[in-house]
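The values are calculated or read from the model by the stated rules, or taken from the named source; none is laboratory data. Keep in mind that this is a model prediction, so the values were computed, not measured. For neighbour counting, all protein chains shown are included, and Cβ atoms are generated from backbone atoms with ideal geometry for every residue, glycine included.
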Amino acid sequence: AYAGIVMAGIIYLAIGGIVHVVGVNPIRFLLPPVVTGTVVAVIGLALASAATGNYAGEPFTATVTLLAAVAAAVYLRGFPRLLPVLIGIVVGYLVSIVYPPCAGAKSACHIDFNAIGQSSILGVPTFSFPDFSQFGTTLSLFFFIPVILVAENAGHVYAISGIMKRDLSHMLGRTFIGDGLGTTISGLLGGAGETTYAENIGVMGITRVFSIMVFVVAAVTAILLGFIPIFGALVRSIPVSVQGGIEMYLFGLIAVIGGKIWVDARVDFSKRANLAVAAIPLVIAAGIPATQAIPIHLGGLTLTFNNLGLGALSSIVLYQLLRPGHVRDQEAEPAEVVARE
C-alpha cells in the first residue's frame, strides 16, 4: 500500500505542476460553480453519517459539547471566540469525567485514563517503507485516487474562497503540489496519504482565521508531538460522543458552505442539467454510510470508492455528460417564458 501511496503522490504532484504552469482554466472547465458547490456540500454530507453515529452513542455529552462550541462561536468576544472547537471539546471532556453514565467502559463517553498513564513522555515513532517489487492491479488503482483528490481539494479551496470572499483559484496548482509532495514523502516513510481536510474548513469558518502561518506552526507542532506518546494517548482518550458533538457542527457548516457557493455564483437551478448535477451526488453522499465501500467493476479492474469519492466524481462526470443539456435548456427558456406569459 505504501508504494501505491507514493505513486498517487507523484501523479498528484505532476497534476499540480501542470495546473501551476498551464493555469486554472482546465480546472474551471471541469469544476464550474455548480460542480464545486456540489462537491463541497457532498464533503459535508458524506461525513454526516460518521458524525451522527458518534453523536448517538451518548447524546447528552454530545449535545453539551455541541452547545458549548456554538455558544463560544456566537457569544464570546476576543481571543476565546477563535477557539470554539477547543472550548467545546474541553467542556465535553470535563462533563464526561463527572457524568455517571460515562463510568461504564462500554459507554461512548467513557474516558480510558489507563492508556494515558501507561504512555511514555518521549518516544520515537515506528517507520515503515514501501515495497516497489509488485506493480499489480492494487497499485494501479492508486492512479485514479489523485483524480478524485483534485476534485475534493478544489472543492475545499473554493469553499474557503466562499468564506473569505476572495478568489483563491490561482492557488490550486500550489495546493495540488503541496498535497502531492506531502503524500509522496508520507508514503516513503510509511505514513498515510495527505490531503486537505474538510474539518479545517469548518474551523476556519468558525474562527475566521485564514493565515497560512497557522498551518506552518501546526505542522511543526504536530511533528514534535509525534515524539510525545502521552499526548497521542490524551487525544485518543477524547470520548466518541464528544467528537460527535463537534463533528455535527463542523460537517454541517461545510455542507452549508456548498450552498453558499451556489448562491454567490448565482447557479441557475431552473436548468434541469444543474438540478441533476447537484441532486444525484447529494443523495449518494447523504444516503451511503461513510464507512461503506462501493466497488465498481470495469472488466478485470475493480475500483473501490467511499460515498465522498463517488459523490464528487459523479458530479464531475454528470456535468460533462449533460453539457448539451445546458444548451437545450437555454434554447428552451424563451418558449417557456412565452408559455408562462
- In the set Ala51, Ala62, Ala105, Ala69, the lone residue that is closer than 26 Å to Gly232 by Cβ, hydrophobic (A, V, I, L, M, F, W, C) and surrounded by fewer than 16 Cβ atoms within 10 Å (Cβ to Cβ) is Ala105
- Could you list, in sequence order, the residues of segment 92-109 that are within 27 Å of the chain's Cα centre (by Cα) and either in a helix (DSSP H, G or I) or at pLDDT 95 or above (or both)? Gly92, Tyr93
- Task: Please specify each residue of segment 181-209 satisfying the condition of being under 21 Å from Ala50 (Cα atoms) and hydroxyl-bearing (Ser, Thr, Tyr).
- Result: Thr195, Thr196, Tyr197
- Message: Within segment 250-265, take every residue that is surrounded by 21 or more Cβ atoms within 10 Å (Cβ to Cβ) and either among the polar types (S, T, N, Q) or within 16 Å of Pro33 (Cα to Cα) (or both) and give me the one that is farthest from the chain's Cα centre (by Cα).
- Response: Trp262
- Since Val147 meets every condition but one in (1) modelled with pLDDT of 85 or more; (2) surrounded by fewer than 20 Cβ atoms within 10 Å (Cβ to Cβ); (3) within 20 Å of Pro26 (Cα to Cα), which condition does it not meet? (1)
- Message: Checking the structure you have, find out if any residue of segment 26-48 is more than 21 Å from Gly259 (Cα to Cα) and either surrounded by fewer than 20 Cβ atoms within 10 Å (Cβ to Cβ) or touching a His at 6+ places or on another chain (Cβ under 6 Å) (or both).
- Response: yes
- Identify the residue in segment 305-341 that is surrounded by 13 or more Cβ atoms within 10 Å (Cβ to Cβ) and not in a helix (DSSP H, G or I) and, among all such residues, is modelled with the highest pLDDT. Leu322
- Message: Here is a check on your reading of the model: is Val203 under 21 Å from the mean Cα position of the chain (by Cα) and touching a residue at least 60 places away in the same chain (Cβ under 8 Å)?
- Response: yes
- Query: Of all residues in segment 217-239, which are more than 21 Å from the chain's Cα centre (by Cα), of a type in the set (A, V, I, L, M) and either under 30 Å from Cys102 (Cβ atoms) or surrounded by 13 or more Cβ atoms within 10 Å (Cβ to Cβ) (or both)?
  - Reply: Leu225, Ile228, Ile230, Ala233, Leu234
- Query: Does Ala62 meet the test of being within 12 Å of Gly244 (Cα to Cα) and out of contact with any Asp or Glu (no Cβ under 8 Å at 6 or more places or on another chain)?
  - Reply: yes
